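Trainee: The structure's right below; bear with me while I get my questions together.
The values are calculated or read from the model by the stated rules, or taken from the named source; none is laboratory data. Note that this is a predicted model, so its numbers are computed, not measured. Methodologically, a virtual Cβ is constructed for each residue, glycine included, from the backbone with ideal geometry; neighbour enumeration extends over all protein chains shown. Just the protein is used for accessible areas: all its heavy atoms, side chains included, with ligands, DNA and RNA removed. Shrake-Rupley method; radii C 1.70, N 1.55, O 1.52, S 1.80 Å.
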Amino acid sequence: MSKEILKLKSVMKEKAYGGTQIAEYLGLAQDAHQRIGEYWMISAHEHGESRILQEPFQDMRLSEVYEQHRELFANSKQEHFPLLIKMNDVSSSPSLQVHPDDAYAQAHEHATGKSEFCLYLKTAPNTQLIYGHTAKTKEAFLQRIAQGEIDDLVIRKPIHDGDAAYIPAGILHGCEGKMLVYEVQQNSDITYRIYDYDNTDAFGNKRPLQIAKAADVVCIPHKDAPLTPTIQKEKAFTCITYCDNDIFTIRQYQIQEAVDIVNESYALLTILQGQGLLETKQETLHVKAGDNLIVTSLAKRYTLQGSMQVMVAIPKEKR
């Protein structure tokens, strides 16, 4: 096998708010008694690492390959693999939360901050995204939480199938309702909760809140970070570029026949629907819904051929 494509074996996580939507959407096997809330599809994070499925790196952790073979990752100078890609099945409200930026996370958690992109694949009727808050000062923010005035604090927005959101560090967010979400985030597992809807951990205990830290990092006053997707429509494919910033570029390819793509550095691919071929100069793989792959920087171009829907995330090098 060449080193142009890495195919991954990834981790499913049970959560109190989980269900069966992920397995059903991707056509994967799942134990009937499991409540899968998160599928860490492309991950080098210690809380749930992907492993490589084929030679010459078979069964190695993604973090190991990243550390030992930077030539596959455009010789990135970032200390850790930069992104984490998930699918989330939310069958009940998870929490109201906010994430720190890189500076705060490094100073207080010795970790990376967390900005994220979400594509809402399936949403139940009347599901709402919580995105932002109404407080004008830190004192007002803390007072409303202390007094239990969550309804007056948060900003709710209706959310529908196919909607997308960019949630940078500092944005208070959550959801109320049921949804299936594709998510790209910085490689971080830091969440500061201000309210948790009486959720419990695996042992039935209420999860801790981190209100003081949340108040330190939340954007006050709130400011939206709107997306302006661009669409390239061709006979053989449609490409939607949702997000292109200094953290990542996120695209969706809806392929009817084929698309040839210039590999800008290295690309993280998730096959959402359908099946087909992924081809580089040295390698051809059959791919299908549920597959997660990395096209390494050794491949200067790659082709997706078939009838499928593919998400592509491209990490950006920090300046």
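Trainee: For Rg and Dmax of the Cα atoms in Å, several values are listed as [x] 22.4, 69; [y] 25.4, 93; [z] 19.6, 62; flag the one computed from this structure.
Mentor: It is the value labelled [z].
Trainee: If you don't mind, another one. Taking the Cβ of GLN128 as the centre, find all other residues whose Cβ is under 10 Å away and add up their charges (Lys, Arg: +1; Asp, Glu: -1).
Mentor: Summing Lys/Arg as +1 and Asp/Glu as -1 gives +1.
Trainee: Tally up the carbon and sulfur contribution to the accessible surface of the chain as a whole percent, 1.4 Å probe, everything protein left in place.
Mentor: Carbon and sulfur together cover 48 percent of it.
Trainee: Once you've got the Cα coordinates, tell me which of LYS77/LYS233; LYS9/LYS122; LYS9/LYS316; LYS13/LYS77; LYS9/LYS114; LYS86/LYS281 are over 27 Å apart.
Mentor: Over 27 Å apart, Cα to Cα: LYS77/LYS233; LYS13/LYS77; LYS86/LYS281.
Trainee: Continuing with this model, one more query. If I take R0 = 30 Å and measure r between the Cβ atoms of THR137 and ALA225 in this structure, what FRET efficiency does the formula 1/(1 + (r/R0)^6) give, to the nearest 0.05?
Mentor: On the way: r = 21 Å, r/R0 = 0.70.
So, using R0 = 30 Å, E works out to roughly 0.90.
Trainee: Still on this structure, please answer the following. Where the centre of each part is set by its Cα atoms, how far does segment 223-293 sit from segment 89-155, in angstrom?
Mentor: Answer, in whole Å: 28.
Trainee: Report the relative contact order of the chain, percent, no decimals, based on alpha-carbon pairs under 8 angstrom and at least 6 residues apart.
Mentor: Taking the mean separation of contacting Cα pairs over the length of the chain, I get 20 percent.
Trainee: Quick one: 3J(HN,Hα) in Hz for segment 171-182, Karplus 6.51/-1.76/1.60 with θ = phi - 60°, rounded, Gly and Pro as x.
Mentor: After applying 6.51 cos²θ - 1.76 cosθ + 1.60, I find 8, 5, 8, x, 8, 10, x, 10, 7, 10, 10, 8 Hz.
Trainee: What is segment 130-221's relative contact order, in percent, from Cα pairs under 8 angstrom and six or more apart in sequence? List each step's numbers first, then the result.
Mentor: Numbers: 85 pairs, mean separation 34.1, N = 92.
37 percent.
Trainee: Sticking with this one: For segment 212-319, what is the accessible area per residue in Å² when the probe is 1.4 Å?
Mentor: I get 48 Å² per residue for this part.
Trainee: Counting Lys and Arg as +1 and Asp and Glu as -1, what is the net charge of the other residues whose Cβ lies under 12 Å from the Cβ of ASN88?
Mentor: Once positives and negatives cancel, what remains is +1.
Trainee: So, one more: Considering amide H positions built from the backbone, and no H for Pro or chain starts, which residues 5 or more places from ALA289, or on another chain, come under 5 Å of its amide H?
Mentor: GLY274
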